[in-house]
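Enquirer: Just dropping this structure here.
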Amino acid sequence: MHSGLPPFVIRIETGFKEFRVNDRSVQNPVTWCGGKDKAAYDVLVKEHYRHVFGVCFAMLANVHDAEDAAQETMLKGFLKMRTLDDIERFRPWIVRVARNLCIDRLRKQSRRKLPVEKPAGLSRQDLDAQYDLEQAIKRLPQELRLPLLMFYFNGRNAKSIAASMNISHSGACQRLRMARQQLHQLLSERAQR
Amino acid sequence: MNRECDKIKDLIADSVTETLSPDQARQLDEHLSGCSDCRNYADALRYEDVLLTQLVVGLDTDMRNRQRRLLETLDRCQSEQRETITKWRIIMKSPITKIAAVAVIITAVTFGVHHFYGSVENVAIADILQPFLTARTATFKITISGEGVPPQEYDGMFMEPCRMRHTQPGGATVIVDLEQGKFVTLIPQTMQAVVLEVTNVPEDPGDLNFFREIRNRILKAQPLDDESVEFLGEQEVDGQLAIGYHIRKPGLDGTVWANSETKMPVRMEIREDPMVIAMSNIVFNVELDEALFSLEIPQGYSVTTFRRDLSEPAEQDFVESFRIWAEHMDGRFPSELDRSQVNVFMKYQQEKMKEKGIEPSVDDITQLQQTIVDMTHGFPFVESLPAESDWRYTGKDVRLGDADTPIFRYRPKGSQTYRVIYGDLHVEDVAPDKLSK
């Protein structure tokens with residue numbers, strides 16, 4: 001910044017990479033939008049964002065991390081849209097991006113622990129119960145946590161869990177059953193402490 | 001609890017998932033009517049089902065906002081694309097503060113205190129501004145907004161003597177250490193690091209570091225007299241009851257709001273036509289880990305390095321900028337000396353690459369970027385010339401190598417003659433009556 005004149009910023013972009021170098025302070029060096037048809041992508045965002053967020057939350061069990069990961073996923077999707085041949089395959093493709101991204105985050109997260117925020121708008125008793133629930137969810141193994149939470153995100157539909165996890169319907173039901181039983185076990189252990 | 005109960009527990013879990021057959025449902029009902037343990041278990045799982053449903057309902061209540069935030073981020077990307085008429089864009093900036101100004105600052109620091117406390121209002125504003133002058137560290141949010149451009153936000157950190165770190169949410173992090181002469185930009189999404197090595201860092205490198213720039217401007221604005229400071233009264237700012245002042249001095253047109261009770265700054269806004277740069281969420285002297293300002297490139301990042309001379313451009317740098325321009329523009333000079341001209345340069349290079357019909361290599365791009373960095377070093381020379389230098393640019397239709405036609409002239413301060421740059425880039429001293437019309 002300098003009186004009367006905007007920052008000297010050089011922005012250089014190409015089809016495969018772009019960045020901005022500031023003469024004096026390298027402000028905002030990067031944008032990473034590769035997709036062209038933003039309006040079309042907005043439609044995809046509106047259609048799939050909630051599902052992507054659900055996957056991220058199911059994997060990360062933390063609202064803020066899930067929002068970050070979902071945003072990063074959708075931006076990555078925007079950037080890499082051109083690599084997707086069939087738009088009909090967007091849902092499984094973007095879910096795969098989300099899952100890979102969450103796996104990376106989980107690896108990094110293993111080095112740090114974040115507190116769980118208590119959701120607002122509930123009674124004290126429910127707040128405590130929700131807090132306990134989230135703690136217990138975190139302790140569920142990934143292969144059970146994902147179908148359980150996606151069951152609630154997908155309108156209590158076990159069939160869609162089977163399809164999105166590429167497992168049989170009975171397999172999905174079995175995982176849901178085990179998830180409920182283990183979750184109850186974990187909650188009971190918390191209650192006894 | 002018996003063996004049957006174990007099987008019933010599976011049915012209870014399935015019943016919550018609503019996947020029981022009618023026969024299984026009947027079997028479950030019969031068992032539950034006679035087994036209190038299983039009834040309790042069923043109640044517990046149903047309660048947990050309610051909690052899980054509530055959890056997702058709770059998450060859904062903010063889903064629209066999350067989606068909006070994402071779309072805004074995408075919009076920012078889109079508008080930046082739109083804004084970029086060519087694939088490249090340059091916005092130029094004038095040379096940074098002259099060495100002479102340093103003396104003014106020192107004077108202000110040494111002698112300005114007297115004036116600083118000159119009136120009732122200024123006592124208050126002095127208190128408010130003090131943390132900007134003395135803080136060892138600070139964290140804050142920077143919002144840069146301008147008409148027709150989506151606001152850009154950064155989380156900023158400052159550490160003495162001149163370290164700075166700012167991060168665009170979901171984007172790149174820039175770490176500046178002027179003592180080391182380095183700017184490191186880390187782009188996690190693409191695992192890229194851009195290193196800018198700077199030389200000849202000026203003694204007053206305020207605008208290389210946002211916080212330092214604010215500090216310098218406050219210092220330069222001294223003394224703050226009643227004419228330059230307007231009390232704005234009390235109002236709620238960023239959720240706090242705050243008092244505000246508008247400061248109008250050359251180089252500082254800004255508003256500062258401070259908590260009414262603590263007098264600690266809540267918000268600082270500086271107008272840089274056509275932008276407004278706001279600093280909020282300010283916390284002074286917070287403990288910051290030195291590692292946050294580490295210039296070390298994380299493993300796995302690809303690194304691109306640029307070098308930039310930050311010395312005040314002199315005439316020879318100006319001439320060199322013309323040379324680089326003309327050599328890359330088929331012998332032509334800029335049609336006018338205007339910041340927007342650099343866009344023309346970018347577009348032309350892009351067209352040339354397109355004509356070649358091949359995607360430029362990373363080395364090509366890096367080379368071009370360095371060329372642009374080098375070229376733009378000299379042009380701010382013209383912005384440092386005062387009006388009385390009577391400078392004039394006439395290079396529009398001149399070709400590189402034309403030794404007879406001047407492209408630029410100016411009269412250095414105190415000089416009787418003009419300096420004239422010709423199309424072959426030689427420079428002559430010319431008496432005013434010998435200037436070509």
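Just so it is clear, none of the values below were taken in a lab; they were calculated from the coordinates. On a predicted model such as this, the values are computed, not experimentally measured, just so you know. All Cβ positions, glycine included, derive from the backbone under ideal geometry; neighbour counts span all protein chains shown.
Enquirer: Using a basic spin-label model with each label point 7 Å from the Cα along Cα→Cβ, how many nm lie between B:ASP404 and B:ARG248?
Expert: Label-label distance for B:ASP404 and B:ARG248, simple model: 5.4 nm.
Enquirer: Here is a further query. Compute the length gained on full extension between B:LYS7 and B:GLU197: take 0.36 nm times their separation in residues and subtract their Cα-Cα distance, giving the result in nm to one decimal.
Expert: The B:LYS7-B:GLU197 span can extend by a further 61.4 nm.
Enquirer: Starting from the Cα of A:ASP132, step 7 Å along the direction of its Cβ; do the same at B:GLU312; then give the gap between the two resulting points in nm.
Expert: Once both label points are built, they end up 7.2 nm from each other.
Enquirer: Over all pairs of distinct alpha carbons, what does the Kirkwood formula give as the hydrodynamic radius of the range B:3-61, in Å?
Expert: 12.1
Enquirer: Next up: What FRET efficiency would be calculated for the residue pair A:HIS169, B:SER436, taking the C-beta separation as r and a Förster radius of 56 Å, to the nearest 0.05?
Expert: After rounding to 0.05, the efficiency reads 0.05.
Enquirer: Between the range B:1-53 and the range A:134-193, what is the separation of their alpha carbon centroids in Å?
Expert: Each part's Cα centre sits 16 Å from the other's.
Enquirer: Then there is this: Among the listed pairs B:LYS347/B:LYS413; A:LYS80/B:LYS347; A:LYS108/B:LYS141, which have their C-alpha atoms separated by more than 28 angstrom in this model?
Expert: Beyond 28 Å: B:LYS347/B:LYS413.
Enquirer: Something else about it: Taking 7 Å along the Cα-to-C-beta vector as the label spot, tell me the B:ASP330-B:GLU230 distance in nanometres, rounded to one decimal.
Expert: 5.3
Enquirer: With only alpha-carbon pairs counted, each pair once and no self-pairs, how large is the Kirkwood hydrodynamic radius of the range B:204-327 in angstroms?
Expert: The Cα-based Kirkwood calculation yields 18.3 Å.
Enquirer: In addition: If you take each beta carbon of peptide B:9-19 and count the beta carbons of other chains within 10 angstrom, what is the mean?
Expert: That average works out to 5.
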